[in-house]
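The numbers here are math on the coordinates, done by the rules we state, and not lab data. Everything numeric in this text was worked out from a predicted model, so none of it was measured. Note: ideal-geometry Cβ built from the backbone for every residue, glycine included; neighbour counts use all protein chains shown.
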Amino acid sequence: MRMKGYMETGEEIMRAAPSEEPARQYYFMEKLKPWFLKACAAQGRTLTYNIQTFGCQMNAKDSEKLSGILREIGYEEAATEEADFVLYNTCTVRENANTRVYGRIGYLGRLKRSRSPHMKIALCGCMMQEAHVVAKLQKSYPFVDLIFGTHNIYQLAELLFRQIYYGHMVVEIREEADAVVEELPSERKFSFKAGVNIMYGCNNFCSYCIVPYVRGRERSRRPEDILREMEEMAKSGVTEVMLLGQNVNSYGKTLKTPVSFAELLKLAEEVEGIRRIRFMTPHPKDLSDELIGVMAESKKICRHVHLPVQSGSSRILKLMNRHYTKEDYLALVARIRAAMPDVALTTDIIVGYPGETEEDFMETMDLVSRVRYVSAFTFLYSKRTGTPAAAIKDQVPEETAKERYDRLVGRIREISGEMAQADTGKTAEVLVEEVNAKRHGYVTGRLANNLLVHFPGDESLLGRYVDVSLTECMGFYYIGSQKG
Ligand code: SAH
Ligand code: SF4
Ligand code: F3S
């Protein structure tokens, strides 16, 4: 949709853009505003946007930034994909995340053809960092307007400007990130809790994982930038923050003045107005005693550690390039529990890694019985192009992997049920997050240990901290009632 008139000057506008960030992006947001008003006039209403986010908290956070940019231009959020600007922020950590996206892009294409030729379809996120994905999209999905990668998120306004000016698909994928761009608008999903990036990328290269290839090398934000963002969030009503990174334990190592993650947590603790601090994800290989000490002393850091183990077999862990053994992991769990007896542990486990034998799998079963997780995410191994594990010949047959998966999930359910049962009858504080969509007259709150409690209440409780008694245990969650 090449816009005549105003857009005639597009070349000049691009030439005159400041080169430094984020000024450059604010410049393009401003330059898009007149176009946006014209496009609204043509439709006779304010144009809307809808972002579908797949994958992890990093993507969720990126979507908040994308949302902030679109709102700054003037778009209003729509509840469904029947919007004027639809953006898929994709994940490629496992194959099934990937396949789902293609089906849905096809659906968007039909929507655009049949009803809204002016509609803009944009794709970004981790899948776009894979060359074969982009090639396929260019060939078979020509109706897509914008394709950009994980390192180009902040450039949405500039890319949209280019797309409008040139009138054809714009593809912008950077292989590696340059500097971390600060101070862009961001639109938070919740008013009272928020994610804060502390670092980007990953250097670990676990042999099954595609994340280091699609998110690039580790880069940490400066502590002063993180703290400033937290302070601003606190001023605007946020009380719970989640510090985000693929391996938060290596936070700060690459900074000019190195700062450890434990030191950062101590600084975060000082931010007035923040009541709860969470973090994701620590890698077991470098979770320090310093960090355990800081957590144990803290009044704000939630006593919940998500500690992905991936496998209970030391042999498989070595093949996975995880740099710890089953014994190291159990010893770490013992140190964490000694310092914080009431800590809740959760994990990620992969079943069916190439070469996994029944014996290896039984080590995983043994580990979950010993650690006793409050909950665990279990994944069937998924072969990712370009990772070392994908080249291994000895793949586990699907049937065998599924059968092991079911056994593991059964055991984990049993244990989490028992863990949750042990707290039934107790009173604990929750942060009320949402009105319960399924149970009329109920709200849902989150305990410090990350479990959910549904209890009678209404939207006036949203964002408030409430003491609830955990009346009935439902396995992964509780039914409760407000105290006092
Ligand atoms: N950085 C985090 C997790 C990132 S991905 C960490 O190191 O723990 C989230 C989870 O997806 C991983 O913990 C792992 O369990 C799972 N995962 C990653 N690659 C996978 C693959 N190829 N197949 C199946 N699960 C995978
Ligand atoms: Fe993937 Fe391993 Fe990095 Fe986690 S630490 S993102 S599993 S490579
Ligand atoms: Fe997926 Fe990318 Fe996160 S691959 S898990 S969205 S870092």
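Structural remarks
- Counting charges near Ile73 (Lys, Arg +1; Asp, Glu -1) among other residues having Cβ under 10 Å from its Cβ returns a value of +1.
- Net charge of neighbours whose Cβ lies under 11 Å from the Cβ of Glu359, counting Lys and Arg as +1 and Asp and Glu as -1: -4
- Separation of the Glu95 and Thr46 label points, Cα + 7 Å toward Cβ, nm: 4.5 nm
- Cβ-to-Cβ counts within 10 Å put Phe455, Phe205, Phe190 in ascending order as Phe205, Phe190, Phe455, the fewest first.
- The convex hull built on the alpha-carbon positions of the stretch 32-180 has an orientation-averaged projected area of 8.6 nm².
- Helix 358-371 and the long axis of the chain differ in direction by around 80°, with both axes built from C-alpha atoms.
- Per-residue [θ]222 nm for the chain (sum of -39500 (n - 2.57) over DSSP H runs n ≥ 4, rounded to 500): -12000 deg cm²/dmol
- Rel. contact order, % - alpha carbon contacts under 8 angstrom, at least six apart, the chain: 9 percent
- For the peptides 48-55, 465-472, 254-261, the ranking by mean Cβ contacts within 10 Å, running from highest to lowest, is 48-55, 465-472, 254-261.
- Global dimensions of the chain from alpha-carbon coordinates: Rg and Dmax equal 23.7, 70 Å.
- Computed label-point distance, nm, for sites Asp342 and Tyr107 using a 7 Å Cα→Cβ extension: 4.4 nm
- Karplus (6.51, -1.76, 1.60) ³J(HN,Hα), θ = phi - 60°, over the stretch 93-106, in Hz, Gly and Pro reported as x: 5, 9, 4, 5, 4, 5, 4, 4, 5, 4, x, 6, 5, x
- When each of Lys61/Lys393; Lys65/Lys266; Lys235/Lys426 is checked by Cα-Cα distance, pairs over 29 Å: Lys61/Lys393; Lys235/Lys426
- Measuring between their Cα centroids, the stretch 428-484 and the stretch 119-175 lie 41 Å from each other.
- Ratio Rg/Rh, restricted to the stretch 124-220 and using Cα atoms, in which Rh is the Kirkwood radius: 1.00
- With the Kirkwood sum run over all distinct C-alpha pairs, the stretch 164-298 has a hydrodynamic radius of 16.3 Å.
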